[in-house]
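Please treat every number below as a calculation from the coordinates, not as lab data. Fair warning: this is a prediction, and the values are worked out from it, not measured in the lab. Virtual Cβ from ideal backbone geometry, glycine too; neighbours counted across all protein chains shown.
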Amino acid sequence: MANIITASHLTLGYSGSEADIIKNANFRIKKGDFVFITGPSGSGKSTLLRSLYGQLKPRSGNLVVGGHDMTNISRRKLQTLRRHFGIIFQDYKLINEWSVAKNVVLPLIIAGYGLDLQEVQAKKLLKHVKLSEHADSLPLELSGGEQQRIGIARALAKNPTIILADEPTGNLDEYSSNVIWDLMENANDQLDATVVVVTHRIPNIFNIPYRHFIIENKGVYEVH
Amino acid sequence: MKYIKDHVMFLFPMLAILIGIESFLVFGRMSKDYEKTLRSEYTMLVLAKLPMKLSEFKKIDQHISSIESIDKESMVKEMAQGMRGVSADEIIKDLPYFYTLHFDKYLDNKTIEQSKKKLAASSSITRVENFGKSHNSSYNLFLFIKVILWTFVGFMTFTSLFLVIKQMEVWQLAHREQMQVMEIFGASTMLRSGVLFKRAIIDAIAATVITSMMFMFLRYVWVKKSGIATLISKSNLLFEYKDVLILGLISIIIVAVAVAVVVAGNKESRL
């Protein structure tokens, strides 16, 4: 399988601070991989994920995502690249003024799909995450677990090639977390999407093969 | 309450801009009408050695829009009747050709003098005389009021535009999270700013309708009640239906500019 993400001598840090968060990291992620990135709080897990969807520019080294050099990528190309991503956040990042159904089809709205197709896809996705009865509700009317399922449905809306998840179960109880992990497994298994999950802890029961990277002392290492 | 406050904060400066622009249009129409009146009250008489055409006059001064030839034959024949030993034909032969000139716009004293000099300098013309009231001082006062109004409208538009942009920044802040989420999922700037544009365009249309209705009221109701004869006869100058289109177009341009300014100032900076 071809590499979909390649980092070589990657160093990350925030503007306004000279301190490096990730230093000289080297790793490769193949198409279809399911990857967990773990590490202690403040180790740079979310920072690494941000660099993968282009919100953080590498300080030095190379980072290639989906064939694009993230150091020099133009704004327009970054927009196009992001449309192939499904991104899931710990705090869900839903648009609270929009209905659940509209939130779910956000990537389709951005891609310019017609209303009919949006409606069909919304029904399908909400059925998939078992939220069909809440299509017209507002996100804040639902529980945390349900909101995260909306987030997952949104991430899957356009059959993404890469799914990036930042602590997707961080705010959820065990039951909701298990539902989320099942959905993530399905996305990888059935859609053949590459999934990169940043998390504190790998779930005890996980039914598909995965790779595990750990961030320690600013370095990224694969655990075999 | 917050919703109303939000909209009022945008609507009021928009109204200020549109009322200013409509006043500008009304005053523009009034000044044109006034100039037309002044122009019609003004004529210049030219005596030429030979018959002349409009094109020949236009070569001397481009502001000449039309000419009227004075029929000297009937005039002289009438005068010669009852005068013994006077041959009308001989008088006619010796008389120059008379022309009344009209201009394409109202000319001030300085320009009239320049025109006179140009005409007098022509070898075909023997004499130039101008008749008419001198409106120069009242016309200058009119121009002064026009400049004052333009300055006031310009200042008001500029200030209000700042208020419009400020209010849009408040909206942008309120929708910041939504715009950020859309950005992460690859939405273009146009799509992200759509939420601001939608909100603003509703208020812009409302401001256009309110301004148009205000001036329609002035034209159709207030003027009649006022009893001011000059205004009643010129009430059509207070509002024209094409003004609605002009105001609508201007308000859309203002909204587009304000959205562009706010969005351009808040582009995602890659950390």
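Data overview
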read-out: All-pairs Cα distance distribution in chain B, expressed in whole percent, bin size 10 Å; value: 6, 19, 18, 16, 14, 11, 8, 4, 2, 1, 0
read-out: For chain A: relative contact order, % (alpha-carbon pairs under 8 angstrom, 6 or more apart); value: 29 percent
read-out: Global geometry of the stretch A:76-115, whether rounded, prolate or oblate, following the gyration tensor of its Cα atoms and the 1.5 cut on a/c; value: oblate
read-out: Area projected by the alpha carbon convex hull of the stretch B:1-45, averaged over all directions, nm²; value: 3.3 nm²
read-out: Part-to-part distance (alpha-carbon centres) for the stretch A:153-224 and the stretch B:193-217, which is given in Å; value: 48 Å
read-out: Cα pair distances of the stretch A:13-95 binned at 5 Å [whole percent]; value: 3, 11, 22, 26, 22, 13, 3, 0
read-out: Among B:PHE155, B:MET190, B:ILE201 the positive-end extreme of the charge dipole of the protein assembly as shown (Cβ point charges); value: B:PHE155
read-out: Å³ per residue enclosed by the Cα convex hull of the stretch B:203-244; value: 51 Å³
read-out: Hull volume in cubic angstrom per residue (convex hull over the Cα atoms of chain A); value: 129 Å³
read-out: Stokes-Einstein D (µm²/s) once Rh is taken as the Kirkwood radius of the protein assembly as shown over alpha-carbon pairs, at 25 °C in 0.890 mPa s; value: 83 µm²/s
read-out: Cα-based convex hull, the stretch B:125-252, per residue volume (Å³, whole number); value: 198 Å³
read-out: Restricting the stretch B:12-82 to GluC sites (Glu not before Pro) in coil, as DSSP defines it, with at most 13 other Cβ within 10 Å; value: B:GLU41
read-out: Loop-located GluC sites (Glu not before Pro) in the stretch B:141-187, at most 11 other Cβ atoms within 10 Å (DSSP); value: none
read-out: Tail weight of P(r) past 22 Å, computed on alpha-carbon pairs of the stretch B:42-132, percent; value: 33 percent
read-out: Highest-fluctuation residue, B:ILE125, B:ILE254, B:ILE21 considered, GNM on chain B with Cα pairs under 10 Å; value: B:ILE125
read-out: Anisotropy class of the stretch B:229-268 from Cα gyration tensor, a/c 1.5 cut; value: prolate
read-out: Cα-centre dipole for the protein assembly as shown with unit charges at Cβ (Lys and Arg positive, Asp and Glu negative), debye to 20; value: 1060 debye
read-out: Length added when fully stretched, B:LYS77-B:LEU141, from 0.36 nm per residue minus Cα-Cα; value: 18.4 nm
read-out: Size descriptor, Kirkwood hydrodynamic radius, that averages inverse alpha-carbon separations across the stretch A:79-152, Å; value: 12.4 Å
read-out: Only Lys, Arg (+1) and Asp, Glu (-1) charged, at Cβ; the stretch B:42-132 dipole about Cα centre in debye; value: 300 debye
read-out: Cβ charges +1 (Lys, Arg) and -1 (Asp, Glu), total dipole of the stretch A:49-142, debye; value: 560 debye
read-out: Chain B: calculated mean residue ellipticity at 222 nm from DSSP helix runs of at least 4, using -39500 (n - 2.57); value: -22500 deg cm²/dmol
read-out: Contact order relative to length of chain B, as percent, for alpha carbon pairs under 8 angstrom and 6 or more apart; value: 29 percent
